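Since the structure comes first, as C-alpha cells, the remarks are kept for the end.
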Amino acid sequence: MEPIEIAISIGGGFLAGVINTLAGSGSVITLAILTELLGLPGGIANGTNRIGVALQTVSSSVTFQKAKIITWREQVRPLALLVSGACFGIALALNISNAQFMEVFKYMVFALFFVLLIKPKRWIYPDESKPTWPRPLLDVAYFCLGIYGGFIQMGMGIFFLAIAVIGGRMPLLKANIIKVLAIGIYTIPAIIFFAFDGKIHWLYGSTIGLGQLAGGWITARYAVKFPNINTYAYYALLVAVALSLLSLFDVL
C-alpha cells in the first residue's frame, strides 16, 4: 500500500467507526475506499469490510459495557433473533450477487430518510409510555434485519435504529449499544466464512480496521457522558443517511 492509501484508509476507517457507533452506515465510507481507492471486487470488499466492523464493535461494546447503561438480560431476545437471522444472510452473501439487492437498498434508504425527517422528536425523545409494536412483528423485523446485516452490513445500523426506536420505543443511545453488540457477535462468524471462501484481503481490512477500532472506542467512551447524546445521535444518523443516499445514487 502507498502512504496516501494507508492514510486515507485509516482516516476513513476512523470516521466510519465514529458514524457507526453513533448512528450507522459508516460502511458506505469503508466500502468506497475498498472498491474505489484500493480496487477490490465487490464480493471481496464485502468480506474485507467485516474486519473493521468487528474491531470497531468489539471496542465499542466493551466500553459501553463498562458504563452499565443496559440490563442485558432484557435484550437476549432481540440479540438472538438478529444473530440467527445473520447466519442466513451470511450464507446468501457467499452464494448470491448483491447487485440487485443494492438497487432495492437505495430506495429503502431513500424512504428511511423521509421517515427520519418526520417527527424528529420521536427519535430524540422516544415516548416509552406508548405501546411497542406487537411482539411477533418486532421478532420478524429483528430476524429480517439480521438477514440483511449478514448479507451486506451497509446500512444495517440505520434500519435497526428505526425499528428499535420507533417499534420498540427504545432510547436512541440504548438502541445504539444493542446494535453495536449484535453486529459484533454475528460479524465474527461472518469473517470466518468469508475467509474460508477466499473473500477477505487481510492487509486492506486490517489497515481500515485500525481506524475503525480507534473511532469506535473514542466515540463509545465519550458518548455516555453527554446528557444530550440522543440529539447528537439523531443528527449523526440524519447525516449518515443523507451521505448514503448521495453515494448510492452516484452523486458522491
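The values are calculated or read from the model by the stated rules, or taken from the named source; none is laboratory data. Predicted model, so just to flag it, every value in this text is computed and none were measured. Cβ: placed from backbone, ideal geometry, glycine included. Neighbour counts: every protein chain shown.
Here are the numbers:
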{"quantity": "Qualifying residue in the range 192-214 (condition: modelled with pLDDT of 75 or more, outside any helix (DSSP H, G or I), touching a Phe, Trp or Tyr at 6+ places or on another chain (Cβ under 6 Å) and not aromatic (Phe, Trp, Tyr))", "calculated": "yes"}
{"quantity": "Trp133 being touching a residue at least 24 places away in the same chain (Cβ under 8 Å), more than 20 Å from Ile51 (Cα to Cα) and surrounded by fewer than 17 Cβ atoms within 10 Å (Cβ to Cβ)", "calculated": "yes"}
{"quantity": "Residue in the range 148-161 that is crowded, with 23+ Cβ neighbours inside 10 Å and either in contact with an Asp or Glu (Cβ under 7 Å, 6 or more places away or on another chain) or among the basic types (Lys, Arg) (or both) present", "calculated": "no"}
{"quantity": "Flag for Pro131 being over 20 Å from Leu243 (Cα atoms), at pLDDT below 80 and in contact with a helix residue (DSSP H, G or I) (Cβ under 6 Å, 6 or more places away or on another chain)", "calculated": "no"}
{"quantity": "Considering residues of the range 1-34 that are more than 13 Å from the chain's Cα centre (by Cα) and more than 12 Å from Ile208 (Cβ to Cβ) only, the residue surrounded by the most Cβ atoms within 10 Å (Cβ to Cβ)", "calculated": "Ile4"}
{"quantity": "Meets criteria (buried (at least 22 other Cβ atoms within 10 Å of the Cβ) and part of a helix (DSSP H, G or I)) for Ile166", "calculated": "no"}
